[in-house]
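Colleague: Structure incoming, see below.
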Amino acid sequence: LTLMQDASSKVEEMDKRVAEYQKVIEDLEKQVKTMQQERSEMEMTLATYKQKCAALQQELDTSETVQKDFVKLSQNLQIELEKIRQAEQVIWHFAVYR
């Protein structure tokens, strides 16, 4: 009888442990699922930021190209303006001393 009670007691204890372990497993599975969802959201956010970075880099590259073109144009215009001024001086000098 004592052996039966001991065995029954051990079975109850084991059942209790199994139930506790199952609860722990369920909680861990929920945590894994939550973390997987968070990871998925973070990956989508990362992809969005990568697209924004690529777009901003393209805008920066375009802006730098436009700026360089503007500087070249400005320099060319200054050179042409100086040529026109020199030509006007020659014409004025020619007209005055004629």
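Colleague: Using the Karplus curve 6.51 cos²θ - 1.76 cosθ + 1.60 with θ = phi - 60°, what ³J(HN,Hα) values do you get for each residue of the range 73-88, in whole Hz, with x for Gly and Pro?
Modeller: 4, 4, 5, 4, 5, 5, 4, 4, 4, 5, 4, 5, 4, 5, 5, 5
Colleague: Each residue of the range 66-71 in turn: what ³J(HN,Hα) in whole Hz from Karplus with 6.51, -1.76, 1.60 and θ = phi - 60°, glycine and Pro shown as x?
Modeller: The phi angles translate into 4, 4, 4, 4, 5, 4 Hz.
Colleague: Which value, in debye to the nearest 20, describes the size of the charge dipole of the chain about its Cα centre when Lys and Arg Cβ atoms bear +1, Asp and Glu Cβ atoms bear -1, and nothing else is charged?
Modeller: Details: 14 positive and 18 negative charges, 153 e Å.
Approximately 740 debye in magnitude.
Colleague: As a check on your grasp of the helix formula, calculate [θ] at 222 nm for the chain: sum -39500 (n - 2.57) over DSSP H runs of n ≥ 4, divide by the residue count, round to the nearest 500. The partial results should precede the final answer.
Modeller: Values: 1 runs with 95 residues, N = 98.
Taken over the chain, the calculation gives -37500 deg cm²/dmol.
Colleague: I've got another one for you. Rg and Dmax of the chain, using alpha carbons, in Å: what are they?
Modeller: 41.6, 143
Readers should treat all values here as calculations from the given coordinates under stated rules, not as data from a laboratory. Quick caveat, the model's predicted, so the values are computed rather than measured. Using ideal geometry, Cβ is built from the backbone for each residue, glycine included, and neighbour counts are taken over all protein chains shown.
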